[in-house]
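The structure under discussion appears below in the form of structure tokens.
Every number in this text was worked out from the coordinates using simple rules, so none of it is lab data. Predicted, not measured: the structure shown is a model, and the values here were computed from it. Don't worry about glycine lacking a Cβ; one is built from the backbone with ideal geometry, like all the others, and counts go over all protein chains shown.
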Amino acid sequence: MATNARTLPLWAPKIDPARWVDNRVYTDPRVYEREVELIFNRTWLFAGHASEARETGDYFTTTILGQPLLFARGNDGAVRAFYNTCRHRGSKVALEACGHASAFRCPYHFWVYDLEGRLIGIPGEEAYDGSGFTKEENPLVGLRCEEELGLLFVTFNDDAPSLRDYLGPKIVETLATPLAGAQYEVVKYISYELPVNWKVFAENARDGYHVPFVHPFFRKASPPGPYFLHDNGHAVQRLGMDPSGVEPELWAKIVQHTLPGVETGDGYIVTLFPDATITLRSNVVSIDSQRALGPSTVLMESRVLGIVGDSQDVRDIRALGHATWFLNPVELEDAPIFIGQQQGVAAKGVRYSVIARGADATTGTRGDDNRLRQWWTAWRAAMGVEINSLAIELD
Ligand code: FES
Ligand SMILES: [Fe+2]
């Protein structure tokens, strides 16, 4: 992208502006506010897995960017997203994290909404006669929710492209092995809050440079394969498996029950812009997503997928695979790094950090920082800026 010299701050380093990041983007509330407006309120956000609302009447609730949301599978088999807010006096309609319902009855004055969000019952409805109020004009307010390969996404943007277009054919094709080959369900869910900016993990998932230092086991047992940069800021890193150095007993377990269509040892990390990471390791798929809670707080969520009908033993093996390949490295090894980085970038006297390693090739076997730069290219496009900064506003 051409750089407008006017946008370059005086303190900018003398390197390609695509190769450094203004450290304030990790801490400044003004940057975060702008990201909420221009990224989170416009793009598709991972919301959950289809198995979390598998049958008609199944529902779950969540909060994204402070917005109370309700996801319910309707009589037509589609999952819909609504603001979880009663049209009467604004109470939450569903209070539980998940459940099954034939309709939603608001706990305050018992107004009732059907699974498609229509307002179908009001106690003492005749008292509204003559007020101009109608049930038809007051359904639950919906948001766009789309499902691809069992992955549910939501957007606050009525004008967003379809989810399939947003993901693009290459990402859908990559995820289809193994997700198209069986019916999956969440077998394990973990969430934890970290005192870091949401971009720290999004970047880390694309940073191969730290892996030998922070994740020596992962690096040794998991040699990198080719990477691919795709449209809209999404990327794929293929991974292999190398048993040397892995305890044989552990190895024997984590290569069992390979998922449909997957060769033992094949794997990938799919990083979706802005902030979801889907990992395949032979016998387990995991989805790691983040909910930004503020400029310096993020809720990390991790879902492990298994195949419907798996025995408990098989579930345990998939969970062990996930812990071995992904969760433990992130939770135990990366999390302290994330926190140290977040504290470090708060330093006023250090204005930028560097993502200058390697070439900008869109595929190859040596990724360097190009997956990071590609992520930042998508960030700049969304934010409408020419450098990895809001320097004009912040200086
Ligand atoms: S607030 Fe929901 S019925 Fe009154
Ligand atoms: Fe890491």
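Brief remarks on what is shown
- Within a Gaussian network of the chain (alpha carbon springs, distance under 10 Å), most fluctuating of Asp159, Asp242, Asp310: Asp159
- The amide H of Ile64, built 1.01 Å from its N in the peptide plane, has Leu69 as neighbours under 5 Å, considering only residues 5 or more places off or on other chains.
- Förster radius 51 Å - calculated FRET efficiency between Ser244 and Arg118, Cβ distance, rounded to 0.05: 0.25
- Positive-end residue of Phe156, Thr85, Gln183, charge dipole of the chain with Cβ unit charges: Phe156
- Cα centroid separation - region 306-359 against region 25-90, whole Å: 24 Å
- Computed FRET value (nearest 0.05) for His109 with Asp360, which takes r as the C-beta separation and R₀ as 45 Å: 0.15
- Alpha-carbon Debye profile of region 88-157, log10 I(q)/I(0) at 0.13, 0.15 Å⁻¹: -0.47, -0.61
- Pairs over the 32 Å Cα-Cα cut-off, from the set Lys170/Lys199; Lys199/Lys253; Lys188/Lys220; Lys14/Lys199: Lys199/Lys253.
- Sorting 184-195, 283-294 by their mean Cβ neighbour count within 10 Å, with the most densely packed peptide first, gives 283-294, 184-195.
- Extended-chain gain in nm, criterion 0.36 nm per residue less alpha-carbon gap, Ser131 and Ala347: 71.9 nm
- Within the straight-line cut-off of under 19 Å between alpha carbons, the aspartates and glutamates reachable from Lys92 are Asp58, Asp114, Glu116, Glu137, sequence neighbours fewer than 8 places apart in one chain being disregarded.
- Taking 0.36 nm per residue of sequence separation and removing the Cα-Cα distance, the Lys253/Leu293 pair yields an extension gain of 10.7 nm.
- By the Cβ distance rule (another cysteine Cβ under 4.7 Å), the unpaired cysteines of the chain are Cys98, Cys145.
- Debye, to nearest 20: dipole size of region 45-148, +1 on Lys, Arg Cβ, -1 on Asp, Glu Cβ: 320 debye
- Total charge dipole magnitude, the chain, about the Cα centre, Cβ charges on Lys, Arg, Asp, Glu only, Debye to nearest 20: 980 debye
- 3J(HN,Hα) along region 114-123, derived from phi through the Karplus expression 6.51 cos²θ - 1.76 cosθ + 1.60 where θ = phi - 60°, amounts to 7, 5, 8, x, 5, 7, 10, x, 9, x Hz, with x in place of Gly and Pro.
- The simple spin-label model puts a point 7 Å past each Cα toward its Cβ; for Asp231 and Thr63 those points are separated by 3.6 nm.
- Per residue of the chain, the DSSP helices (runs of n ≥ 4 H) give a summed -39500 (n - 2.57) that works out to -6000 deg cm²/dmol at 222 nm.
- Shape box of the chain [Cα atoms, principal axes, largest first, Å]: 71, 58, 34
- Length-normalised contact order for the chain - Cα pairs under 8 Å, 6+ apart - percent: 22 percent
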